[in-house]
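Shown next, in structure tokens, is the structure this report addresses.
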């Protein structure tokens, strides 16, 4: 089975700081990590290979330093890794990202299942997985918490929904996004780490993909980040005064004034 | 301090630390309380290739030696000495095989230990043979089709959990210690049963159990090396394994030191953090000095073993004695610094102090090892090279 895992390198913190002058994220001093949800995707891919055979290819779009995430992926069991890196891909929104990834999938040609994390911890949109499926014109299942069964060109999964779980059957190839409930990612192995240190990282630029420059990166993005800011958090508490009856009357007036009762 | 470890050694140490912190730390109190063998952690150590560290490359290992083993043991013991000894005892269980076994024997038994699928154990101690290990009574009588084992081994680490046991038994009773041989016995061999599982003061997640042999027939090809050499093989094994106990002690001392510093940093008495009190500072400084000195000696002894030196008895004994005495002292002082809280099971130093005691006892009591060191000292008239 050809298993493809999509991966992003993200800042290893959820406590992002913003430079107020440039309106951009402060990345200095913050270690980059594999997006945690993508680590579940990779683990699931490796488990599928262990069970059904085949190979796991990890695809990551990002700057050259994202290579370290791909080396880590090898230490965790990935067979092949591909870095999609080109200035033309930079400042992509989810649409342009999915466009770039889908061009890479088409170049790979053969894939049975594409596994993504449910979302990244920096962008938090959860859009790239479904957009990728649309562009590849293959089925899509989100928030998968268990892969129940895979047979030739057929997949049964359990996905999480607000009310509980759904069991879904779909044809292959397909794209799924996984929730953290799906597995506990393994720690790297020594042989994996040693292999990863000398492994060749394939890099594809825009010249390698059958895609025009205005489809990817900033030029291909339907949305643009105009400004990044922290929401103003105002905590105002008021202590009502007077005797108990007065306080109750005041409270009821306030609630009525706010149309809350 | 920089010990000039190679990149590969640094990788081994850092991955062992990650496993200890992510997989052992969350469960160590529970494992201790329940006296439960840490199978999940052993499997994790296996899938991370930690059991390959001490196995030669031709038998699916990574070809490391005593130092590499020490680095893993130290990091595991920094978090839980019970887990550390369960891991280390698997190495102990196959070291005689690695040194004296034939290629065929190694090919059969080592890959399973390397992958972590099988765990090893070493069995020499008996009720009559502790420090006086030559006084063993278990026999391995040569019969048609192999050796017939009879007798009882006591206090065997990984007993009941291990799949492969290196057992020292008398193949020739009339010759006493010169009639002992090392034989591999596999779990589930008819006549090989497990006796009492011990309840211990410390290292409670590790399994310590009796091995009982009742007319247990073991194939002749499981004999390691020549018959009659078992006693010498056991002594040589311990010469090489003692830095591992030293590493266990260094890790334990390091864990206790860290816990004591953390506590002293946050505990307020007399309107100040107690780490500002000089009496506490001096205790912590002494703990740090002793721990670092023990580490330096253990690494040096391990490197001496790995150099292939002919005689390592004295150096390995020194590293074990010094490091284990250090661990006992540092763990006791860590409890002292943590005060009443340190005496409670909610704090890790209580367990560390219980765990430390065995380090001064097993693989040669520190008194017996001092005898050994003194004997060598007389031989070399106290001079160094």
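At q = 0.17 Å⁻¹, what is the base-10 log of I(q)/I(0) for the stretch B:7-118 according to the Debye formula with one equal point scatterer per Cα and no solvent? Please give it to two decimals. Debye curve over Cα of the stretch B:7-118, log10 I(q)/I(0) at q = 0.17 Å⁻¹: -0.75. Taking only the C-alpha atoms of the stretch B:106-199, Rg followed by Dmax gives 13.5, 40 Å.
If you count the DSSP beta bridges with both ends in chain A, what percent of them are antiparallel, to the nearest 5? If I count the DSSP bridges inside chain A, around 45 percent turn out antiparallel.
Helix B:278-306 and the longest principal axis of the C-alpha atoms of chain B enclose an angle of approximately 30°. Between B:366, B:222, B:276, the Gaussian network model of chain B with springs among Cα atoms under 10 angstrom shows the greatest mean-square fluctuation at B:276. Relative to the longest principal axis of the Cα atoms of chain A, the long axis of helix A:36-52 makes an angle of roughly 40 degrees. Size check on the stretch B:263-385: the Cα extents along the three principal axes, sorted descending, read 57, 26, 25 Å. For the options B:16, B:374, B:327, a Gaussian network treatment of chain B with springs between C-alpha atoms closer than 10 Å singles out B:374 as fluctuating the most. With 10 Å bins beginning at zero, the pair-distance distribution over Cα atoms of the stretch B:47-206 amounts to 10, 37, 35, 16, 1 %. At the listed q of 0.19 Å⁻¹, the Debye profile of the stretch A:88-152, built from one uniform point per Cα, gives log10 I(q)/I(0) equal to -0.80. Calculated on the alpha-carbon coordinates, the convex hull of the stretch A:158-261 measures out at 377 cubic angstrom per residue. For chain B, a Kirkwood radius taken over Cα pairs fed into Stokes-Einstein (37 °C, viscosity 0.692 mPa s) yields D = 155 µm²/s.
When the Cα convex hull of the stretch A:15-144 is projected onto planes of every orientation, the mean area is 8.6 nm².
For the stretch B:81-119 and the stretch B:3-31, what is the separation of their C-alpha centers, rounded to whole Å? Their Cα centres are 20 Å away from one another. Let me know the whole percent of all Cα-Cα pairs from the protein assembly as shown that are separated by more than 34 Å. Every Cα pair in the protein assembly as shown considered, those over 34 Å come to 57 percent. Legend: ranking of residues B:299, B:263 from fewest to most surrounding C-beta atoms inside 10 Å; resulting order B:263, B:299. Between the alpha-carbon centres of the stretch A:174-217 and the stretch B:322-345 there is a gap of 47 Å.
Peptide A:184-190 has a mean shielding of 6, counted as Cβ atoms of other protein chains within 10 Å of each residue's Cβ.
Every pair of different Cα atoms in the stretch A:152-219 enters the Kirkwood calculation, which places the hydrodynamic radius at 17.0 Å.
When both the stretch B:253-308 and the stretch B:165-203 are represented by their alpha-carbon centers, they are found 39 Å apart.
P(r) for the stretch B:188-320, from all Cα pairs and a bin width of 5 Å, is 2, 9, 11, 11, 12, 13, 12, 10, 6, 5, 4, 3, 2, 1, 0 %, short bins first.
Between helix B:66-79 and chain B there is an angle of about 50 degrees, using the helix long axis and the longest principal axis of the Cα atoms. Per-residue Cβ neighbour counts within 10 Å put B:273, B:282 in the sequence B:282, B:273, beginning with the fewest. Only helices enter the 222 nm calculation for the protein assembly as shown: every DSSP H run of n ≥ 4 contributes -39,500 (n - 2.57), and dividing by all residues gives -14000 deg cm²/dmol, rounded to 500.
For the options A:205, A:174, A:97, a Gaussian network treatment of chain A with springs between C-alpha atoms closer than 10 Å singles out A:205 as fluctuating the most.
Each eigenvalue of the Cα gyration tensor of the stretch B:124-261, multiplied by 5 and square-rooted, gives one semi-axis; in descending order these are 30, 17, 13 Å. Counting neighbouring Cβ atoms within 10 Å and putting the fewest first, the residues B:171, B:326 line up as B:171, B:326.
In chain A, the inverse of the mean reciprocal separation of distinct Cα atoms equals 20.5 Å; this is its Kirkwood hydrodynamic radius.
Laboratory data are not the source of any read-out in this text; all were calculated from the coordinates shown. In this text the structure is predicted, and so the values were computed from the model without any measurement. Cβ sites come from the backbone with ideal geometry, for glycine too, and all protein chains shown count toward neighbours.
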